[in-house]
Amino acid sequence: MTMFEWGVALAALLGVFWVIGAYNRLTRLRAAVVDRYGVLDEILTRYVLWIQGCLPDDIRTDFSTQPAPLEPTAPPDQAGPWLRLKASLDQYLQAIAQARRRPLDGEAMAALVLAHATLAAAWAGAMQDQQQSEAELTERQQLRRARLLSQCVPLRDAYNEAVKTYNAAITQFPAWLLARMLRFRPAGNLVRLALES
């Protein structure tokens, strides 16, 4: 072999090793994002289960097996905020399921943020309705909700940091070449997920 052939072979070998290394790094970063979302998902699921438990008995149903009742037994003026809370909870469950399937997808994360905001607004309406009759229970529920959401804050921040690291990695040259070939897109973050009460 000539010196030129040795140079080409060495360059090809270095290129292969670089591609393998870059792929492994991007894969590890993607896995870190998925892992961070998995931990956050557990707390969000606990939050959903807790809110389901707060629904009045005549509105609460088993979300996984029974369809929602068409007519609640409570009078319409009392059931309105609670029905809105249940509907927003259904939307939130769908958004969590979508985000669970695709934790790197920006659209799934945006849907989760929107569903969370809708659920928070519905919760506020239900608590305002309940405050008129059961002030002590409402205060305990608000404290419990704040405690659950405060557990989510560091997990949300860890997820966002993993997303930031991954997104930075796929935009750096020359890793962005590999990311484009493999169709790795920037991950969506949860910066706008408001978890403060």
If you take the beta carbon distance between Arg101 and Phe17 as r and set R0 to 22 Å, what does 1/(1 + (r/R0)^6) give as a FRET efficiency, to the nearest 0.05? 0.05
Could I have the simple spin-label model distance between Gln94 and Gln52, label points 7 Å from Cα toward Cβ, reported in nm to one decimal? 1.7
Would you kindly work out the equivalent ellipsoid of the chain from its C-alpha gyration tensor and give its semi-axes, the square roots of five times the eigenvalues, largest first in whole Å? 49, 15, 11
If I take every Cα pair under 8 Å that is 6 or more residues apart in the chain, average their sequence separation and divide by the length, what percent do I get for the relative contact order? 29
Count the net charge of all other residues whose Cβ sits under 14 Å from the Cβ of Tyr92, scoring Lys and Arg as +1 and Asp and Glu as -1. +3
Could you list the GluC sites (Glu not before Pro) in region 129-168 that lie in coil according to DSSP, counting only those with at most 15 other Cβ atoms within 10 Å of their Cβ? Glu134
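The numbers here are math on the coordinates, done by the rules we state, and not lab data. All values derive from a computational prediction rather than experimental measurement. Using ideal geometry, Cβ is built from the backbone for each residue, glycine included, and neighbour counts are taken over all protein chains shown.
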